[in-house]
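Visitor: Below: one structure in structure tokens.
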Amino acid sequence: MCMIGRSERKSGESGERREREKEMGIVKGVEKVKSISRSKMKMWMIRATTSVLLWTCVVQLTTIGEMWGPRVLKGWPSCFSHEPAAALEEKVLAVPARVLPPKRAYKNNGYLMVSCNGGLNQMRAAICDMVAIARYLNVTLIVPELDKTSFWADPSEFQDIFDVEHFITSLRAEVRILKELPPRLKRRMELGMTYTMAPVSWSDISYYHNQILPLIQKYKVLHLNRTDARLANNHQPLEIQKLRCRVNFSALRFTSQIEELGKRVINLLRQNGPFLVLHLRYEMDMLAFSGCTQGCNNEEVEELTRMRYAYPWWKEKIINSDLKRKDGLCPLTPEETALILRALDIDPNIQIYIAAGEIYGGARRMASLAAAYPKLVRKETLLESSDLRFFQNHSSQMAALDYLVSLESDIFIPTYDGNMAKVVEGHRRFLGYKKTILLDRRLLVDLIDRLNNGSLSWDEFSSAVKESHANRMGNPVKRLVIADRPKEEDYFYSNPEECLQPSENPLDPSSSMRQLFR
């Protein structure tokens, strides 16, 4: 009986155990199902969130791409575009692929940094020289730094005036150009471990090979802090002269904003017929620097003198204005300019674009010129103030606009042979000997004084002016070379003879462009 009882208890206990295990299995199964459901829910939420984020990124990137992206990316079909993919594909195929010139392979001898000084065209010529020097020395050129400390105090960087990408890529077959030094060398420069110097003016290219190259090889980086007129005009290898031209006439292209605004000014002028650009260099800084005060009152003379003494690098302080004018070293005044234009029989109804800053003396000094030639215009009168808003207080960018208009003018007349006058003259020669009247100021002021004192009649004065300038209208001439006196010889950039096409029919001043004369 006892055995039977124990066996029954055991069987009962095992049955209860099986029931508990069965219930526990069910509970675990339910919990497992719940766990799986929660995992699936989490995974679904993660996928949904990720999809939303990715979709938002795609929308944002597409919007940015349409606003700022490269043109190649803009050509690809987009789900946000209203144009069919086939039309977009045709647009892409219609844009020719840009073919870059192959890089020139050479052993890099080091890095050349340059800080340009002066105004726009002084810096422009210096950049051309520095590229040629870097090419000849087989070094890497860092994009030049522009002058921000001169009288104009223009904060513009290279890329604010020139198309920096075009500058680098268009010259890659000649020289390697970087926007900045490699990091290791940049740190050395920041620590003052760079050799800085000003090269000797008007130096032959051999000077750079014998004196400058060893310094670059020694210090790895050389900084030239003055670059104007550092390469001689003449007796340079032909490939050096031609490279200077390629940089000036091709690689140094203004930014698209400057180019587009320049074209707008030119189109506005062209709508009203031919136009003459008068580079009237009669601004306050020019008069203070030169000491030329013809026609100024006593207060103006004192103001200009104070300004000259305020700038320590303007070394010449005591200046005899009358003697300097008689030597032809002063810019013509607006009054003198009006007489010369009339003597040359320039049509009084022609548009005259004044390429200059603010004329010293304002309307009072411009009165005689405006009376003789009422169609005087400036960029400020042709454009809205909003068009020039981003160019204000940036003298080099404003000068770039004048440069573009000067190149396209029917006649270009500078009243002083400064850097802009010289560089524009050379560029117009390169474009086909476009009419550029180069005024002989020394002769002209003598003729003007004789006219004013009555020793010359108007007809005699006019005949003398026309006769003396018959061969000074941009026609082909040999560049004047003066051994050991580089400052007195013709400037390379005013007459880059090695780069010009020979002309079989030099300009005939008696017949060409008669519609601009009375």
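The values are calculated or read from the model by the stated rules, or taken from the named source; none is laboratory data. Bear in mind the structure is a predicted one, so any value in this text is a computation, not a measurement. Here the Cβ is made from the backbone with ideal geometry for all residues, glycine too, and neighbour counts use every protein chain on show. Quick note on the areas: whole protein, heavy atoms, side chains included, nothing else; ligands and nucleic acids left out. Shrake-Rupley method; radii C 1.70, N 1.55, O 1.52, S 1.80 Å.
Visitor: Check Gln217, Gln211 and return the single one that is assigned by the TED database to the domain that holds Lys186, surrounded by fewer than 16 Cβ atoms within 10 Å (Cβ to Cβ), polar (S, T, N, Q) and without any contact (Cβ under 8 Å) to a residue 60 or more places away in the chain. Lay out the reasoning, then the answer.
Guide: Working: Gln217 fails: without any contact (Cβ under 8 Å) to a residue 60 or more places away in the chain.
Exactly one of Gln217, Gln211 is assigned by the TED database to the domain that holds Lys186, surrounded by fewer than 16 Cβ atoms within 10 Å (Cβ to Cβ), polar (S, T, N, Q) and without any contact (Cβ under 8 Å) to a residue 60 or more places away in the chain, namely Gln211.
Visitor: Do you know which residues across segment 173-188 are surrounded by 13 or more Cβ atoms within 10 Å (Cβ to Cβ) and more than 30 Å from Pro102 (Cβ to Cβ)?
Guide: Within segment 173-188, just Arg188 meets the criteria.
Visitor: Give segment 145-172 a look and list any residue that's surrounded by 20 or more Cβ atoms within 10 Å (Cβ to Cβ) and either within 15 Å of Val114 (Cβ to Cβ) or not assigned by the TED database to the domain that holds Ile127 (or both), or say none.
Guide: Leu146, Asp147, Phe162, Phe167, Leu171
Table: residues versus (1) touching a residue at least 60 places away in the same chain (Cβ under 8 Å); (2) of a type in the set (A, V, I, L, M, F, W, C).
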| position | (1), (2) |
| --- | --- |
| Val164 | no, yes |
| Val175 | yes, yes |
| Leu181 | yes, yes |
| Arg184 | no, no |
| Arg187 | no, no |
| Glu190 | no, no |
| Thr194 | yes, no |
| Met197 | no, yes |
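Visitor: While we're looking at this one, here's another question. Only residues in segment 442-460 that are at negative phi and modelled with pLDDT of 95 or more count as the first member; pair them with residues that are among the small types (Gly, Ala, Ser) and in a helix (DSSP H, G or I), Cβ under 7 angstrom, at least 6 apart or cross-chain, and list the lot.
Guide: Leu443/Ser468; Leu447/Ala464
Visitor: Something else about it: Going through segment 189-205 one residue at a time, which ones are within 21 Å of Ala483 (Cβ to Cβ) and loosely packed, with under 13 Cβ neighbours inside 10 Å? Spell out the reasoning first.
Guide: Kept after step one, since they are within 21 Å of Ala483 (Cβ to Cβ), are these residues of segment 189-205: 199-205.
Result: Val200, single match.
Visitor: Looking only at residues that are of a type in the set (Val, Ile, Thr) and crowded, with 23+ Cβ neighbours inside 10 Å in segment 424-441, which one is nearest to the chain's Cα centre (by Cα)?
Guide: Step one: list which residues in segment 424-441 are of a type in the set (Val, Ile, Thr), which gives 424, 436-437.
If we keep only those that are crowded, with 23+ Cβ neighbours inside 10 Å as well, we get 424, 436.
Details: Val424: 14, Thr436: 23 Å.
Looking at the filtered set, the residue picked out is Val424.
Visitor: Right, Glu316: more than 16 Å from Gly362 (Cβ to Cβ), surrounded by 22 or more Cβ atoms within 10 Å (Cβ to Cβ) and among the acidic types (Asp, Glu) or not? Reasoning before the result, please.
Guide: Numbers: more than 16 Å from Gly362 (Cβ to Cβ): yes; surrounded by 22 or more Cβ atoms within 10 Å (Cβ to Cβ): no; among the acidic types (Asp, Glu): yes.
No; evaluated as a whole, the condition is false for this residue.
Visitor: Please give the number of the condition Leu231 fails out of (1) surrounded by fewer than 18 Cβ atoms within 10 Å (Cβ to Cβ); (2) in contact with an Asp or Glu (Cβ under 7 Å, 6 or more places away or on another chain).
Guide: Condition (1) is where Leu231 drops out.
Visitor: Here's something else I'd like to know. How about segment 291-316: which of its residues are part of a helix (DSSP H, G or I) and basic (Lys, Arg)?
Guide: So in segment 291-316, the residues part of a helix (DSSP H, G or I) come out as 298-310.
Listed by number, the residues that qualify are Arg306, Arg308.
Visitor: From (1) open to solvent by 40 Å² or more (accessible area, probe 1.4 Å); (2) at pLDDT 95 or above; (3) farther than 24 Å from Glu488 by Cβ, pick out the condition that doesn't hold for Lys326.
Guide: That leaves (3) as the condition not met.
Visitor: Here's something else I'd like to know. Look at segment 119-176 and say how many of its residues are aliphatic (A, V, I, L, M) and on the phi > 0 side of the Ramachandran plot.
Guide: So the first thing to find is which residues in segment 119-176 are aliphatic (A, V, I, L, M), and the list is 120, 123, 125-127, 130-134, 137, 139, 141-143, 146, 153, 161, 164, 168, 171, 173, 175.
Imposing the further condition that a residue be on the phi > 0 side of the Ramachandran plot reduces the set to 153.
Adding up the residues that qualify gives 1.
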